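Report on one structure; see the data block that follows.
The values are calculated or read from the model by the stated rules, or taken from the named source; none is laboratory data. Predicted, not measured: the structure shown is a model, and the values here were computed from it. Heads up, the Cβs are rebuilt from the backbone with ideal geometry, glycines too, and the neighbour counts pull from every protein chain shown. Heavy atoms of the whole protein, side chains included, go into the accessibility calculation; ligands, DNA and RNA do not. Shrake-Rupley method; radii C 1.70, N 1.55, O 1.52, S 1.80 Å.
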Number of protein chains: 2
Amino acid sequence: MAAKYTLVIHAGCEGITRKYYGPEAEQEHLAFLRKSLAAGRAVLDGGGRGLDAVCAAVEVLEDCPLFNAGRGSVFTHDGIIEMDASLMSGADLAAGAVAGVTGIKNPVRAAALVLEKSSHVLLIGQGAERFAENFGLEKSDPEYFQTSRRRKEYLTAQKQAGEQFGTVGAVCFDRAGNLAAASSTGGITGKQYGRVGDSPVIGAGVYADNASCAVSCTGEGEFFLRRVAAKRIAAMVEFGGFSLEAGAAAGLDNIKALGGKGGLIAVDKAGRTAISFTTRGMFRGLARQGETDRVAMFGPPGSWH
Amino acid sequence: MAAKYTLVIHAGCEGITRKYYGPEAEQEHLAFLRKSLAAGRAVLDGGGRGLDAVCAAVEVLEDCPLFNAGRGSVFTHDGIIEMDASLMSGADLAAGAVAGVTGIKNPVRAAALVLEKSSHVLLIGQGAERFAENFGLEKSDPEYFQTSRRRKEYLTAQKQAGEQFGTVGAVCFDRAGNLAAASSTGGITGKQYGRVGDSPVIGAGVYADNASCAVSCTGEGEFFLRRVAAKRIAAMVEFGGFSLEAGAAAGLDNIKALGGKGGLIAVDKAGRTAISFTTRGMFRGLARQGETDRVAMFGPPGSWH
């Protein structure tokens, strides 16, 4: 008998308060989360792989101008957009990632090409773009990615040296019993010097292994990199006897101990999920086979629409 | 009472057979390993940090034209040299890494600057180079890095599509009781599309955490990336009750199960070491406070000069 699938998505966790997001904005954001779940469900209901479902779900979030990935990504110090994305298959530990790419409409698709069509795991910058071009991956002009909101944040950040971060991601347990995880981001506003965060780093911002769980993280990337957070949580489950929920909580505590904050989504081979954050909210969604979609953005973690 | 220090170095593990390296070549390579240990010892004997000792030891290996890091790095598909390096401090999990840099004489020093002078962990490409330049880090012309041996391998690789890999690295337990790890590489001969391996990826090719151990890996980078190998070994020690030796062996078994091979060095807070490889040899060295330096390049792992 095939397993029932579980798909979890997130779209970042910074600054999500009712003061900043009114009822209309809330509905607008939740609608995109539902659209992302629907794209993942379409793959899974058709008998497709979780690996393709997380990719489809993330693609919708990349296309949405409201989240910091693909269209709507934050601006770098130099006023351009540089994106990172990754994808991992828990069945065979196949992985693909790109970092510092510009002009690729859906960076997660580039990560999927690295996973499926190359012997490599991580490609960066113009080399990664040339690789994606070889496979005819859709390109977009700089204007496509740039939204007026992000431009404003960029101009403000230049003055205040503030940092805005955000990521989108998805994890899935599919009907074949396999785990998968994906992540995509524009990084942090005003980032300099080719800064890369945790999102394209296998083990830090993303990890999937059928032996433990699938994890996708969001938050202050440097802290997740230093903890190798996604792999750490998987290892606590695999070697430390932690439940998924306890591993996720311990993982975020580890980040907090370094002075960082963020959130994560995770799923294991029993379809159990962890949806956790140490911020005030997180854009999140959950789709289980045979159940109604659930979405939310404000805290606490357990609350759903 | 201060602890006694332990420093372990490696300089790659591919193709190290007596057929390829005669007695003269052996002495030449072992001399550079001794020079690297001496540089690390100079820091440690002066009461310096393990973090600075691994950096000094790796710098010597980068300057040596015989190993695949800094001078003597392998050529990319486009006939240039792109290098990666990383550094991590086990006391506070501070980390720094650079990927895809050209023209920086000692990439491990650039990683050290990222660790010490930036709020970031990973910088890539020209951005990383600009960052290093801001701190006046020494640059070198393309000709400095290119050796005739690597050019020959490159020209051969272009025809045979063969891949040559190699890395240098160091791990240390210092007199203050802290762990540190470093890694540096030119990657694989003929690499394309901005390919980055495990060496600059915290958790994959390098990891240091006083709670477990310090690890530096070498081998087929993609397999180490997919296993998040260094962090996996640290997690087996921290959460799984593995001894350092058993964790290192299990880590390399995990790589083998994916079809890959390689080696690693590790040290823990008791000064215990693991020096393991699934190849026929590995350039390696061990310096313990109050003991004579040991170096070796052929197998089996336990043999020393």
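Entry for the stretch A:177-259 at q = 0.13, 0.14, 0.15, 0.26 Å⁻¹: log10 I(q)/I(0) = -0.39, -0.44, -0.50, -1.25, Debye formula applied to identical alpha-carbon scatterers, no solvent contribution. Relative contact order for chain B: what is it in percent, counting Cα pairs under 8 Å that are at least 6 residues apart? That works out to 24 percent. Here the Karplus relation 6.51 cos²θ - 1.76 cosθ + 1.60, evaluated at θ = phi - 60°, turns the backbone of the stretch A:262-268 into coupling constants of x, x, 7, 10, 8, 9, 10 Hz, with x for every Gly and Pro.
Between the listed residues B:Ala235, B:Ala85, B:Ala211, the Cα displaced farthest toward the positive end of the dipole of chain B, a dipole computed from Cβ unit charges relative to the Cα centre, is found at B:Ala235.
Taking a Cβ cut-off of under 9 Å around B:Leu7, the surrounding Lys, Arg, Asp and Glu residues balance to a net charge of +1, with basic ones at +1 and acidic ones at -1. Chains B and A together bury roughly 3600 Å² of accessible surface, counting both sides and using a 1.4 Å probe on protein heavy atoms. Pairs of Cα atoms nearer than 8 Å and 6+ residues apart set the relative contact order; for the stretch A:56-158 it is 28 percent. Which of B:Gln289, B:Ser276, B:His10 sits farthest toward the positive end of the charge dipole of chain B, with +1 on the Cβ of Lys and Arg and -1 on the Cβ of Asp and Glu? The residue sitting farthest along the positive end of the dipole is B:Ser276.
Label reach from B:Asp141 (point 7 Å along Cα→C-beta): in the stretch B:51-91, amide nitrogens under 17 Å belong to B:71-72, B:80-81. When the surface is traced with a 1.4 Å probe over the full set of protein chains, B:Arg151 keeps roughly 110 Å² accessible. Counting protein heavy atoms only, the protein assembly as shown has 49 percent of its accessible area on carbon and sulfur, 1.4 angstrom probe.
Charges at C-beta only: +1 for Lys and Arg, -1 for Asp and Glu. How large is the resulting dipole of the stretch B:135-241 about its Cα centre, in Debye rounded to 20? Write down the numbers at each step before the final one.
Values: 13 positive and 11 negative charges, 68 e Å.
With Lys and Arg at +1 and Asp and Glu at -1, about 320 debye.
Under a model in which nothing but the beta-carbon of Lys, Arg (+1) and Asp, Glu (-1) is charged, the protein assembly as shown shows a dipole of about 500 debye around its Cα centre.
Helices that extend 24 Å or more along their long axis by alpha-carbon positions and average at least -0.5 on the Kyte-Doolittle scale are, among the DSSP H runs of chain A, A:23-45.
Projecting the Cα atoms of A:Gly96, A:Ala266, A:Leu123 onto the dipole axis of the stretch A:6-298, where Lys and Arg carry +1 and Asp and Glu carry -1 at the beta carbon, places A:Ala266 farthest toward the positive end.
Running a GNM on chain B with Cα contacts under 10 Å, which residue among B:Gly90, B:Gly15, B:Gly187 ends up with the highest mean-square fluctuation? Of the options given, B:Gly15 has the highest mean-square fluctuation. Computed from point charges on the beta carbon alone (+1 for Lys and Arg, -1 for Asp and Glu), the dipole magnitude for the stretch B:45-163 about its Cα centre is near 300 Debye. Cross-link partners for A:Lys269 among the lysines, with Cα-Cα distance under 21 Å and sequence neighbours closer than 8 places in the same chain left out: A:Lys4, A:Lys231. Here the scattering of the stretch A:58-203 is modelled by Debye summation over its C-alpha atoms, one equal scatterer each and no solvent; at q = 0.21 Å⁻¹ the log10 of I(q)/I(0) is -1.22.
The spread of Cα positions in the stretch B:6-298, taken along each principal axis and listed from longest to shortest, comes to 47, 45, 35 Å. Accessible area ranking (1.4 Å probe, heavy atoms, ligands and nucleic acids excluded), largest first, for A:Lys35, B:Lys231, A:Lys105: A:Lys35, A:Lys105, B:Lys231. Each principal axis of the Cα atoms in the protein assembly as shown has its own extent, and those three values, largest first, are 74, 47, 46 angstrom.
Springs join every pair of Cα atoms under 10 Å in this Gaussian network model of chain B, and among B:His29, B:His77, B:His120 the largest mean-square fluctuation is at B:His120.
Shielding of A:92-100 by partners, i.e. mean partner chain Cβ atoms within 10 Å per residue?
So the per-residue partner count for this stretch is 4.
Working from label points 7 Å from Cα in the Cα-to-Cβ sense, the B:Ala246 to B:Glu26 distance is 3.5 nm.
Surface listing: B:His305, B:His10 arranged by accessible area from highest to lowest gives B:His305, B:His10, probe 1.4 Å.
Shape analysis of the stretch A:221-292 places it in the oblate category; the axes a ≥ b ≥ c from the Cα gyration tensor give an a/c of at least 1.5, with a/b not above b/c.
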